[in-house]
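*Asks:* Got a structure for you, written out below as structure tokens; questions coming shortly.
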Amino acid sequence: MKIFRLYGNSYQSVTCEFEAKALNEVGFRRDHEASIPADEVGARYEHIETLHLVAEAEGGVQSETEQLLLDRLLEEVRSAVARLPEGGIAIVENERGGRDQPKPQQKISNVIERGENKLHFHYSVEPPLRVALYRARG
């Protein structure tokens, strides 16, 4: 069970790199373990469903809250991949670097705790991370 992403004219296996300190927080890195020509996916695999994965997190420390969000999104990805039948694959459908690249969205509010003004951070992922699940044919 692997996760793939389109690079040029082939789907290549990737690992998740969801890191708050990275420029592209919801990132994937090619692991060079497997590759499938894009025009063969339909012949080799049958689409089961496409999931729209999101996550949210709130807290008082910005970096910790953003990483919590990314950890929750990673758990959603792992849960989706775990649902695959034997020999199945997952394909990340969002465009790389495009307008539909999932990114953490931040909202900051002021809260009063014990008479002191504090910042409160709320993160969500928009747009959703789209992961298509496929089973092997025949």
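The values are calculated or read from the model by the stated rules, or taken from the named source; none is laboratory data. All values derive from a computational prediction rather than experimental measurement. Note: ideal-geometry Cβ built from the backbone for every residue, glycine included; neighbour counts use all protein chains shown.
*Asks:* Can you go through Glu75, Glu113, Glu64 and tell me which one is loosely packed, with under 11 Cβ neighbours inside 10 Å and free of Cβ contacts under 8 Å to residues at least 60 places away in the same chain?
*Replies:* Checking each option against the conditions leaves just Glu113.
*Asks:* Also, I was wondering about something else. Return the residue satisfying two criteria in turn: it lies in region 29-60 and is surrounded by 12 or more Cβ atoms within 10 Å (Cβ to Cβ) and in a helix (DSSP H, G or I), and of such residues it is farthest from the chain's Cα centre (by Cα).
*Replies:* Going through the qualifying residues, I end up with Arg44.
*Asks:* Among the residues of region 61-83, are any assigned to a loop (DSSP other than H, G, I, E, B), out of contact with any Cys (no Cβ under 6 Å at 6 or more places or on another chain) and among the acidic types (Asp, Glu)?
*Replies:* No, the conditions are met nowhere in region 61-83.
*Asks:* Is it the case that Ala20 is out of contact with any strand residue (DSSP E or B) (no Cβ under 6 Å at 6 or more places or on another chain) and either within 19 Å of Leu74 (Cβ to Cβ) or assigned to a strand (DSSP E or B) (or both)?
*Replies:* Here the answer is yes, as Ala20 does meet what is asked.
*Asks:* Could you look through region 1-19, keep only residues that are over 17 Å from Gly97 (Cα atoms) and in contact (Cβ under 8 Å) with a residue 40 or more places away in the chain, and pick out the one that is nearest to the chain's Cα centre (by Cα)?
*Replies:* For region 1-19, the residue satisfying everything is Ile3.
*Asks:* Here's a follow-up. What are the residues in region 55-65 that are of a type in the set (D, E, K, R) and modelled with pLDDT under 95, if any?
*Replies:* Hit for region 55-65 is Glu64, nothing else.
*Asks:* Collect the residues in region 91-110 that are in contact with a Leu (Cβ under 9 Å, 6 or more places away or on another chain) and in contact (Cβ under 8 Å) with a residue 40 or more places away in the chain, keeping them in residue-number order.
*Replies:* Ile91, Val92, Glu93, Arg96, Pro102, Pro104 - these are the residues of region 91-110 that are in contact with a Leu (Cβ under 9 Å, 6 or more places away or on another chain) and in contact (Cβ under 8 Å) with a residue 40 or more places away in the chain.
*Asks:* Okay, moving on. Starting from region 125-138, take each residue that is within 19 Å of Phe4 (Cα to Cα) and surrounded by 14 or more Cβ atoms within 10 Å (Cβ to Cβ) and list its partners that are aromatic (Phe, Trp, Tyr) and modelled with pLDDT of 95 or more, counting only C-beta distances under 7 angstrom and pairs at least six apart or across chains.
*Replies:* Filtered contacts from region 125-138: Tyr134/Tyr45; Arg135/Tyr45.
*Asks:* With respect to Leu119, determine if the residue is under 29 Å from Ser13 (Cβ atoms) and surrounded by 11 or more Cβ atoms within 10 Å (Cβ to Cβ).
*Replies:* Here the answer is no, as Leu119 does not meet what is asked.
*Asks:* Also: Scan region 96-121 for residues that are in contact with a strand residue (DSSP E or B) (Cβ under 7 Å, 6 or more places away or on another chain), of a type outside the set (Gly, Ala, Ser) and farther than 20 Å from Glu19 by Cβ and jot them down.
*Replies:* Result: Lys107, Ile108, Asn110, Val111, Asn117, Lys118, Leu119, His120.
*Asks:* Just a yes or no: is a residue in region 113-127 under 22 Å from Glu49 (Cβ atoms) and assigned to a strand (DSSP E or B)?
*Replies:* Yes, that holds for at least one residue.
*Asks:* Those residues that are of a type in the set (A, V, I, L, M) and either touching a Ser or Thr at 6+ places or on another chain (Cβ under 7 Å) or touching a residue at least 60 places away in the same chain (Cβ under 8 Å) (or both), I need them from region 20-46; list them, please.
*Replies:* Ala20, Val26, Ala34, Ile36, Ala38, Val41, Ala43
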